[in-house]
Each structure stands twice: as C-alpha cells, then as structure tokens.
Amino acid sequence: MTEPALRDIAAASSATGPAFEARDMRFFADGVRQRIGVVLPDAKAALVFRRLAPRVRELGFDTFARYREHLADPHDAEWERVVALLTTNHSRFFREIHHFKLLSRHLEEAFGRGVKRMRLWSAACAAGQEPYSMAMLVAHLKQGRPEIDARVLATDVDRTVLEAAAVGRYAPEDVGHLPRFARPFMTPEADGTFTVTGTPRDLVRFRYHNLIGGEWPMRGPFDAIFCRNVLIYLAPDDQTKVIKRLARLLKVGGILCLGHSEIARTEDMPIKRIEVASSYVRI
Ligand SMILES: C[S@@+](CC[C@H](N)C(=O)[O-])C[C@H]1O[C@@H](n2cnc3c(N)ncnc32)[C@H](O)[C@@H]1O
C-alpha cells in the first residue's frame, strides 16, 4: 500500500475491525464509479471505511473481503445499500438562494406572458429539500392562478433518500430559516418535526433516476433544471455528458442551475452563462 490515506485506514481498521485493505477500497470505488459515476479517490478511504463498516458488522462479517464476496453478483440488491451509504446527501431548503430568486423572476415573467404549463426538475434531489423549495416557490407564485399546470420532477439515485423525501418530514433545525412565504407549507407535528403539506406536496413527483448512462425517460422540455452539488462527485467527462443531456431537455429560454463550484464548458452546448452564479440559459 503506497497511499498514506489507505495505510492509515488499514492500520486503524486492524484495531477496530472489520479489516479493510487497499483491494477493498478499489472494489468499492470501482463498483460505485461503474454504477453511478461517483469517483472515490484513495483519499476517501476513511470515509468508505466509516460508512460501510457498520453494515459489514451488521451482516456479521469480520473483514471487508467477506463483504466483497457477498457482493460478488453485480446485480445483488445489496449494491443499492452500498450506493446509499456512499453517496453524500447533504442538502438544505432554499440552498444558494440566488438560484431561487432567479427561478422566481423566471416564473413571474413566464406567468406574465401567459405561459400555463411549467415543468421543473431537481436532478439530484437528496431528501427533497431542493424540489420542495422549488415547489413552494411555484405554489406561492401561482396563488390565484388555478389555470397554471405546474409540476416538479425530483430524481435521485439513492432510494433511501427518495423514500424520506416522499414522506417529507423534517427536523426543526432544517426548517428554521425558511422564507416567510414558505412557512405555511410546513405543518408542525406532535413530535416537533415538520411535514411539507398543501400544494407543494402535490406538485412534486419523486422518481429513481441515474444521471450516468442508460436511457433517460423524461422528455421535457423543462422550464428550469436544478442539478446542483452532484457533478462535483463525477469525473470531468461524465460532468460534460450530463450537462449536455440536461441542456437538450430545456425549453429555449429555460434555465439550468448548477452547484456553486460546478462549471459547464458551454462550447458545443445550446446554453450560455448568465450573470447569476453557476446559472445558464438555453439558447
Ligand atoms: C449533495 S446532494 C445534493 C442535493 C441537492 N441537489 C442540493 O444541492 O442541495 C447529492 C445527491 O446526488 C445524488 N447522486 C449521486 N450520484 C448520482 C447519479 N449518478 N444520478 C443521480 N443522483 C446522484 C446523491 O444520492 C445525493 O442525494
């Protein structure tokens, strides 16, 4: 083992178990990369160990090698578990508020022009904070306009977060900073949590979807796509392919918002950068 991160983690795992070696890291990094495009460099060995070790113990294995044997069939349902454990699902309501201000201007302008059909997509929706934020904004702006047919598609590759998103229940610290217009859409529960209710809930559809490879069933065209804080985990080639596919699904004039550290190389793409950070418009 030449990589210091791997050496450290192998040493630590020999004390705490289950035993974790360089070939384990390679196996899980390759498996995740092939399935969802997420790149796990050796520097992430400690994260891989920390996230998978409880599952390895739960299954009664004393080494990661045994877990690898268990996962020998590439179609084994346990791979879903691995994907869920190794994806990073951190999110927040109205994260990067400038994108919601842009979306608000975009929707108001479209409603002003008499557009009645609105299709939005949150393309890596985690536990639902992003698509519900989009839906709360739409619900607020379409009040008194029953003729507007709006929907928010929300997709992710992690089925556990999709289940949580469909329940739509959040801890008080998750909802403390909501803009005033969004608060009525959060109903307090007896245990102190809050559930998304009303129109925003009706507007969102949660679906499993992998941005990497395969057929994309959605046809669009979308008025806005948010694909934020997922491309950073992918290899540069995959980032470009995903952005290209997203761009083609936008309506002319539709907007694409990426995460704050994600940049689209717009050559050969039907999008151009606009003044709002990490945002693009379909041309
Ligand atoms: C950090 S969260 C971003 C959540 C939200 N978009 C935001 O910005 O707050 C990244 C999400 O991307 C999802 N993801 C990772 N690889 C994916 C893929 N290939 N296709 C779709 N979603 C993916 C993860 O499961 C995770 O929920």
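The values are calculated or read from the model by the stated rules, or taken from the named source; none is laboratory data. Quick caveat: nothing in here was measured; it's all calculated off a predicted structure. All Cβ positions, even for glycine, are placed from backbone atoms using ideal geometry, and neighbour counts span all protein chains on display.
In segment 264-273, how many residues are surrounded by fewer than 17 Cβ atoms within 10 Å (Cβ to Cβ) and over 20 Å from Ile97 (Cβ atoms)?
Total meeting the criteria: 6.
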- Message: I'd like the residue in segment 54-64 that is in a helix (DSSP H, G or I) and out of contact with any Pro (no Cβ under 9 Å at 6 or more places or on another chain) and, out of all such residues, is farthest from Thr88 (Cα to Cα).
- Response: Glu58
- Could you please let me know if Leu211 is touching a helix residue (DSSP H, G or I) at 6+ places or on another chain (Cβ under 6 Å), over 26 Å from Glu109 (Cβ atoms) and not assigned by TED's automatic domain parsing to the domain that holds Arg35? yes
- Message: I'd like the full set of residues that are at pLDDT 95 or above, in a loop (DSSP other than H, G, I, E, B) and either within 11 Å of the ligand (Cβ to nearest atom) or at positive phi (or both), limited to segment 122-152.
- Response: Ala123, Ala124, Cys125, Ala126, Ala127, Gly128
- Query: Which of the following residues is touching a Pro at 6+ places or on another chain (Cβ under 6 Å), closer than 24 Å to Val138 by Cα and surrounded by 13 or more Cβ atoms within 10 Å (Cβ to Cβ): Val276, Val175, Val204?
  - Reply: Val204
- So, first residue under 10 Å from Ile9 (Cβ atoms) in segment 28-53, second residue β-branched (Val, Ile, Thr), Cβ within less than 6 Å, six or more apart or across chains; the pairs are Ala45/Ile9; Ala46/Ile9; Phe49/Ile9
- Does Pro74 satisfy the condition of being in contact with an Asp or Glu (Cβ under 6 Å, 6 or more places away or on another chain) and outside the structural domain of Leu231 (by TED's automatic domain parsing)? no
- Task: Tell me, yes or no, whether segment 70-89 has at least one residue that is part of a loop (DSSP other than H, G, I, E, B) and more than 30 Å from Asp237 (Cβ to Cβ).
- Result: no
- Message: From the list Ala224, Ala277, Ala247, exactly one residue is touching a His at 6+ places or on another chain (Cβ under 7 Å), of a type in the set (Gly, Ala, Ser) and not in a loop (DSSP other than H, G, I, E, B). Which is it?
- Response: Ala224
- Message: Here is a list: Arg117, Arg113, Arg92. Which entry is within 12 Å of the ligand (Cβ to nearest atom) and surrounded by fewer than 17 Cβ atoms within 10 Å (Cβ to Cβ)?
- Response: Arg92
- Task: Check Asp223, Asp238 and return the single one that is crowded, with 16+ Cβ neighbours inside 10 Å, touching a residue at least 60 places away in the same chain (Cβ under 8 Å), within 13 Å of the ligand (Cβ to nearest atom) and acidic (Asp, Glu).
- Result: Asp238
- Scan segment 26-47 for residues that are within 15 Å of the ligand (Cβ to nearest atom), surrounded by 16 or more Cβ atoms within 10 Å (Cβ to Cβ) and of a type outside the set (Gly, Ala, Ser) and jot them down. Phe28, Val32, Arg33, Arg35, Ile36, Val38, Leu40, Lys44
- Given (1) over 23 Å from the mean Cα position of the chain (by Cα); (2) at pLDDT 95 or above, Leu85 misses just (1)
- Query: Which condition number in (1) touching a helix residue (DSSP H, G or I) at 6+ places or on another chain (Cβ under 9 Å); (2) within 16 Å of the ligand (Cβ to nearest atom); (3) within 30 Å of Leu250 (Cα to Cα); (4) in a helix (DSSP H, G or I) is the one that Arg51 fails?
  - Reply: (3)
- Starting from segment 153-173, take each residue that is within 23 Å of Arg219 (Cβ to Cβ) and list its partners that are more than 12 Å from the ligand (Cβ to nearest atom) and of a type in the set (Gly, Ala, Ser), counting only C-beta distances under 9 angstrom and pairs at least six apart or across chains. Ala154/Ala135
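Conditions (1) surrounded by 21 or more Cβ atoms within 10 Å (Cβ to Cβ); (2) within 12 Å of the ligand (Cβ to nearest atom); (3) under 30 Å from Lys244 (Cβ atoms), marked per residue:
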| site | (1), (2), (3) |
| --- | --- |
| Thr155 | yes, yes, yes |
| Ala164 | no, yes, no |
| Phe181 | no, no, no |
| Thr187 | no, no, no |
| Pro200 | yes, no, no |
| Ile212 | no, yes, yes |
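Any idea how many residues of segment 75-89 are free of Cβ contacts under 8 Å to residues at least 40 places away in the same chain and either loosely packed, with under 14 Cβ neighbours inside 10 Å or farther than 15 Å from Phe20 by Cβ (or both)?
Here the count works out to 5.
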